[in-house]
Structures are given as structure tokens and as C-alpha cells.
Amino acid sequence: MADSHGKHVKDVEREGPLARVALRFTAFTEKWLPDAFGFVLVGTFAVLVFGLVTGEPLLRRPDDPAATKGFGLVDAWGIGFWSLITFTLQMAMIIIGGYAVATSGPVARLIARLARIPRTPRTAVAFVAAVAMLASYLNWAFSLIFAAILAREVARNVPRADYRALGAMAFLGLGTVWAQGLSGSAALQVASASSSPAPVQEVIKAGGRESGLIPLSDTIFTWQALAATLLVYVVGVAMAWFIAPGEDHSRTAEHLGIELRPLVGRGSAYNGQRAESEQRRPGDWLEHSPLFSLLIVVLGVVYLVRYFSGKNFFSALDLNTVNLILFLLALLLHWRPWRMARAVRDGAPAAAGVLLQFPLYGGIFGMIAYTGISARVAGWLVQASNQFLFPPLVAIYSCILGIFVPSGGSKWVIEAPYVLEAANELKVDAGWMVVVYDLGEASANLLQPFWMLPTLAILGLKARDIMGYTFTMFLACFPAALIAVTLLAPHVTG
């Protein structure tokens, strides 16, 4: 036994330094980190205690003269508990719709072809990271499902690859570049009068922009923003390459007891045929005919054309339209109604974690948003800042707050008024502060399991299985973002 342990230690030392770090973090998280549900339970009381320590009342009487300034922590938690209910349903639909699209015949075949590109365990991990970040730049919601299914198929084709590392890389886009991409919440909000709250528009006007809006050309599409995003992307792919463990320390899907069925072909997760016995009823013609599926698609396309007519596409794109597009695309790709129904049924379990945990995250959001916690922390931030330090400090603050309020759009509403007001005072470009917020906020996702839930459900993993790897990625990607927002800031002109 002692000889075996000594050999194991010696073998670990043969790994590269970054791979050793990732393996040790993963060993720690597998042993000590609670599951995602336990994480949000602990997080609730962490915020509650922080509020009490910083002077927030646990209960505030209605006749309290100071009651107009906020709520007690208990009431704020209760008000916030259901504040994300619409968002919860939207996210559940995105998960199910994304699953339905990704498991349709054409997309499944595309994923199967992509999964054959990497041939070695190390290239498999780096490849999944690269594709996941690219997909999340295009659309974060679809990437959660697409990259997870890709990781499963890559693991099947490269069975010696570490399944935990593949799972972490499938999620990497949500922890790096998504908010700088085409579906980034903050940039889309400040570019649209209908999406940006009035107080935020007033602060933007005070900074010299008469429209109260900041176009995408001044946020995610500036050369500085693109350079920062590219830097984080390159660092992410490089880190994925270096942290991939060797075969001696890989935990494959087989080791974890996870069955990987092929995505296409015999015995596949996507099976385009039904048993003959299920096709004999005369009434089955409606389920097998594509007629009404096509009519629904036509109906939806006509609506979308009218909806986007005369609008900026990216500004008008929101979660409801993303969900509708996914639904119509899935309906079209599955072609026959019975296939669509089966895909939705198979994808529904992946949304279970969202339905259970999002209300609790809403309670955390309430304790921060409806009390003085957020403003108090922001005040500390501004007092410690100057023109040079403000961007990296905001990125750090956005990252920390993102651990407890893991919603880019909702959190931006909290932060934007005082962050942009401070930017005006310090003569820092407001558009650049949106970029700073995006990069900091995204990094928080590598430290908490909120957005990992859809990916984990498809992969059959627990948060503790992959968070050692995501934390290691954070140690490289977040400093890269901080360096970028600090060094590029002087080159931004408002």
C-alpha cells in the first residue's frame, strides 16, 4: 500500500506544473465542495451574515423612518425569492430548447463530425475549450447545451481523456467571453432605450452622451474590447492545453460510471426511427406528418420578421426571442412532431437544478439589491479608486458580486448607476466600463455552480467534479482580463 501511494505521488510529480495544480484543486473540491444546491444554501447565509456585520438590520419595522431606504434582510430575501421566476422559466426553456436543437439529426451529425477532430486527450480538452468559448461568444444559452453534448461525444471518441476536464472546458465560455459576445446582457441593455432603465440612461446622459445610450460600436465592438476578448480566449485555450492531465491521472467517463451512447447511429442518443409497433395506429399520422410543424415555423418566422423590422437585431434580441428561435429551429430540424416531443421529454431533466435553485439565488439577489449592501460596497470601491485603478477594481467587484448575484443582466441594473456615475467623476469612458463589467462578471461563473447546472446535467457530473479545473482556469483568465482592462483603458476615448 505504501509503495502504491509513493508511486502515485511520484506519478503526479511527472505532470506539468499547471496540470498538478488542477489535479490538486480537483482532489480538494471532490472531497470538500458541496453540490450546487449545498453551495446556494451556504451562500444564502453567507450574504445574510455579511449584511448583519456591515450594519443591515435583520428586520425593519414598517414605521421605521429609515424604511424608505430599504428593507430588512429577511424581508429583502422574501421579496427576492420569486423575483427571478420569469427568468427561471426562460432559463428552463433555453435548456430544453437548446437540448432539442443540439440533439436534432443535422446538429447531432455536425457535433459528431466535430468530435472526431481531436485525437489525443490533451488536444481533446483544448479543442472543447476553444469551441465552447466560440459558441458562447455567438450565443451563451445555446453554448451551454451544444458544448456539453460536444464534450460527451469527444469523450466517447477519445476515451482516455479526463472527463472532468472536458466538462469544465465545455462550460468555459460562460466564465470568459460570453458577456463580450453577441448576446452579452449589459452591452445590449445600454444600447437599447427599451431595455436600459431610466436611471442608467440619466447617468449616461450626465457623462456627455445626449441619447442616454451607448451603441455596441462603443462597447463590445471597439478594438480595445476585441483585443481584450481575444487575449482571454487565447489564454483560455492555452491553459486548457496545459492543465489536461496525463493518462495516469485521467478520470474517464468509464471510471466515473457514466455511459456514453453515440450521438448518431445504432444505439445512439439521437435515434431517427420509431419501433414499428408504435407506427400502426391510424391516428399516428399527425405525429409523423411535418405539415403542422412547418405551419408553426412559418407562423413564428413571420412574427420574428415583423418583430425585428426596423430594429437593431442585437438590441432587440432578448431571452424570449432567443427561446422562440430555438423552439422554431428545433421544430424544423426534428421535422416530425413525435421527434420534437421526445427531445423535449429527454431534455427536461436537465432543467431540474434551475427550477430548484434559482428561487434561492433570487433570495440572495434580494438581500443585496433591496438593502444597503450593494451601495455600501460600491462606496468603498469608489473611495479606493482613481482613474487608473477604477477599471480593475470594478472588474474585481463585479466578479465578487457575481458569485452571489449570478445574472449578468440583473446585476448590471444594480451596479450600473453608481459605477457609471463614478466613471463620470473619474473621467473614465462609460462604454469601456461596460466592457470592464462584462469581463469581471463573466469570471465569477468559474467560481460558483449557478450556470454550470445545465452543462452538468447533460454530462452527468456534479459541480465538485469540475470546479477544481474551473478554479484553475480562473487563476489565469481573470488576471488576463484585469491586465487587459488596465493597460487598454488609456487608449479608450469617450
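The values are calculated or read from the model by the stated rules, or taken from the named source; none is laboratory data. Quick caveat, the model's predicted, so the values are computed rather than measured. So basically every Cβ, Gly included, is an ideal-geometry build from the backbone, and we count neighbours across all protein chains shown. Keep in mind that these areas ignore ligands, DNA and RNA; they rest on the heavy atoms of the full protein, side chains included. Shrake-Rupley method; radii C 1.70, N 1.55, O 1.52, S 1.80 Å.
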Looking at (1) of a type outside the set (Ser, Thr, Tyr); (2) open to solvent by less than 10 Å² (accessible area, probe 1.4 Å); (3) in a helix (DSSP H, G or I), can you tell me which one residue 406 breaks?
(3)
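Counting only residues that are assigned to a loop (DSSP other than H, G, I, E, B) and within 17 Å of the chain's Cα centre (by Cα), how many does the range 336-371 have? So that I can check it myself, show each step before the final result.
As a first pass, look at the range 336-371 and keep what is assigned to a loop (DSSP other than H, G, I, E, B): 336, 370-371.
Still in the list and also within 17 Å of the chain's Cα centre (by Cα): none.
Residues that pass the stated criteria total 0.
For the range 209-237, which residues satisfy the criterion of being without any contact (Cβ under 8 Å) to a residue 24 or more places away in the chain and within 23 Å of the chain's Cα centre (by Cα)? Even if it seems obvious, please write down each step before you answer.
Step one: filter the range 209-237 for residues without any contact (Cβ under 8 Å) to a residue 24 or more places away in the chain, giving 210-213, 217, 221, 223, 226, 230, 234.
Hits for the range 209-237 are 221, 226, 230, 234.
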Tell me which residues, restricted to the range 300-320, are at pLDDT 85 or above and either polar (S, T, N, Q) or within 22 Å of residue 290 (Cα to Cα) (or both).
300, 301, 302, 303, 304, 309
So, in the range 238-263, exactly how many residues are modelled with pLDDT under 80 and either on the phi > 0 side of the Ramachandran plot or open to solvent by 50 Å² or more (accessible area, probe 1.4 Å) (or both)?
2
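Looking only at residues in the range 33-50 that are free of Cβ contacts under 8 Å to residues at least 24 places away in the same chain and open to solvent by 60 Å² or more (accessible area, probe 1.4 Å), which one is farthest from residue 242 (Cα to Cα)? Working first, answer last.
First pass over the range 33-50, keeping only residues free of Cβ contacts under 8 Å to residues at least 24 places away in the same chain: 38, 42, 45, 49.
When the remaining residues are screened for being open to solvent by 60 Å² or more (accessible area, probe 1.4 Å), the result is 42, 45, 49.
Working: 42: 32, 45: 37, 49: 39 Å.
Ranking the qualifying residues of the range 33-50, first place goes to 49.
Can you say whether residue 275 is modelled with pLDDT of 95 or more, open to solvent by less than 70 Å² (accessible area, probe 1.4 Å) and either farther than 30 Å from residue 158 by Cα or under 23 Å from the mean Cα position of the chain (by Cα) (or both), as far as the supplied structure shows?
Details: modelled with pLDDT of 95 or more: no; open to solvent by less than 70 Å² (accessible area, probe 1.4 Å): yes; either farther than 30 Å from residue 158 by Cα or under 23 Å from the mean Cα position of the chain (by Cα) (or both): yes.
No; evaluated as a whole, the condition is false for this residue.
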Only one of (1) open to solvent by less than 30 Å² (accessible area, probe 1.4 Å); (2) over 30 Å from residue 60 (Cβ atoms); (3) more than 20 Å from the chain's Cα centre (by Cα) fails for residue 321. Which number is that?
(3)
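Could we say that residue 135 is under 19 Å from residue 457 (Cβ atoms) and not in a loop (DSSP other than H, G, I, E, B) here? Outline the logic, then answer.
Numbers: under 19 Å from residue 457 (Cβ atoms): yes; not in a loop (DSSP other than H, G, I, E, B): yes.
Spelling it out, residue 135 is indeed under 19 Å from residue 457 (Cβ atoms) and not in a loop (DSSP other than H, G, I, E, B).
Restricting the search to the range 74-95, which residues are assigned to a loop (DSSP other than H, G, I, E, B) and surrounded by 16 or more Cβ atoms within 10 Å (Cβ to Cβ)? Break it down into steps so the answer makes sense when it comes.
Residues of the range 74-95 assigned to a loop (DSSP other than H, G, I, E, B): 82-84.
Selection gives 83, 84.
Across the range 96-147, what is the total count of residues that are of a type in the set (Ser, Thr, Tyr), surrounded by fewer than 24 Cβ atoms within 10 Å (Cβ to Cβ) and closer than 28 Å to residue 313 by Cβ?
Let us first name the residues in the range 96-147 that are of a type in the set (Ser, Thr, Tyr), namely 99, 103-104, 120, 123, 136-137, 143.
Narrowing further to those that are surrounded by fewer than 24 Cβ atoms within 10 Å (Cβ to Cβ): 104, 120, 123, 137.
From what's left, closer than 28 Å to residue 313 by Cβ: 104, 137.
Number satisfying all stated conditions: 2.
Has the range 451-473 got at least one residue that is within 30 Å of residue 213 (Cβ to Cβ) and either in a helix (DSSP H, G or I) or open to solvent by 10 Å² or more (accessible area, probe 1.4 Å) (or both)? Even if it seems obvious, please write down each step before you answer.
Initially, the range 451-473 is screened for residues within 30 Å of residue 213 (Cβ to Cβ), giving 451.
After this cut, where a residue has to be either in a helix (DSSP H, G or I) or open to solvent by 10 Å² or more (accessible area, probe 1.4 Å) (or both) as well, the list is 451.
Yes, the range 451-473 contains at least one residue that is within 30 Å of residue 213 (Cβ to Cβ) and either in a helix (DSSP H, G or I) or open to solvent by 10 Å² or more (accessible area, probe 1.4 Å) (or both).
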Going through the range 184-208 in order, the residues found to be open to solvent by 10 Å² or more (accessible area, probe 1.4 Å), within 19 Å of the chain's Cα centre (by Cα) and of a type outside the set (A, V, I, L, M, F, W, C) are 185, 189
Considering residues that are farther than 21 Å from residue 176 by Cα, assigned to a helix (DSSP H, G or I) and not hydrophobic (A, V, I, L, M, F, W, C), the number found within the range 380-402 is 1
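Suppose we filter the range 116-132 for residues that are out of contact with any Phe, Trp or Tyr (no Cβ under 9 Å at 6 or more places or on another chain) and assigned to a helix (DSSP H, G or I); how many remain?
Of all residues in the range 116-132, those out of contact with any Phe, Trp or Tyr (no Cβ under 9 Å at 6 or more places or on another chain) come to 116, 119-121, 124, 127-128.
In the following step, the residues that additionally are assigned to a helix (DSSP H, G or I) were identified as 121, 124, 127-128.
The total comes to 4.
Specify which of the listed residues (211, 217) is of a type in the set (Gly, Ala, Ser), part of a loop (DSSP other than H, G, I, E, B) and open to solvent by 20 Å² or more (accessible area, probe 1.4 Å).
Working: 217 fails: part of a loop (DSSP other than H, G, I, E, B).
Unique residue meeting the criteria: 211.
Please go through the range 170-181 and give me each residue that is open to solvent by less than 10 Å² (accessible area, probe 1.4 Å) and within 16 Å of residue 447 (Cβ to Cβ), ordered by number.
The initial filter retains those residues of the range 170-181 that are open to solvent by less than 10 Å² (accessible area, probe 1.4 Å), namely 170-177, 179-181.
The answer is 171, 172, 173, 174, 175, 176, 179.
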Which condition breaks for residue 348 when tested against (1) closer than 18 Å to residue 85 by Cα; (2) buried (at least 19 other Cβ atoms within 10 Å of the Cβ); (3) not hydroxyl-bearing (Ser, Thr, Tyr)?
(2)
Hey, residue 428 hits all of (1) part of a loop (DSSP other than H, G, I, E, B); (2) under 24 Å from residue 150 (Cβ atoms) but one; which does it fall short on?
(2)
Taking first residues from the range 474-494 that are within 15 Å of residue 226 (Cβ to Cβ) and second residues anywhere that are in a helix (DSSP H, G or I) and among the hydroxyl-bearing types (Ser, Thr, Tyr), the pairs with Cβ under 9 Å that are 6 or more apart or on different chains are 481/443; 484/229
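Mind listing whichever residues of the range 22-38 are hydrophobic (A, V, I, L, M, F, W, C), farther than 14 Å from residue 251 by Cα and in contact with a Gly (Cβ under 9 Å, 6 or more places away or on another chain)? Explain how you work it out, then say what you get.
Of the residues in the range 22-38, the ones hydrophobic (A, V, I, L, M, F, W, C) are 22-23, 25, 27-28, 32-33, 36-37.
Next, from what is left, pick out any that are farther than 14 Å from residue 251 by Cα: 25, 28, 32-33, 36-37.
25, 28, 33, 36, 37 - these are the residues of the range 22-38 that are hydrophobic (A, V, I, L, M, F, W, C), farther than 14 Å from residue 251 by Cα and in contact with a Gly (Cβ under 9 Å, 6 or more places away or on another chain).
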Restricted to the range 409-434, and to residues that are of a type in the set (Phe, Trp, Tyr) and at pLDDT 80 or above, which residue is surrounded by the most Cβ atoms within 10 Å (Cβ to Cβ)?
412
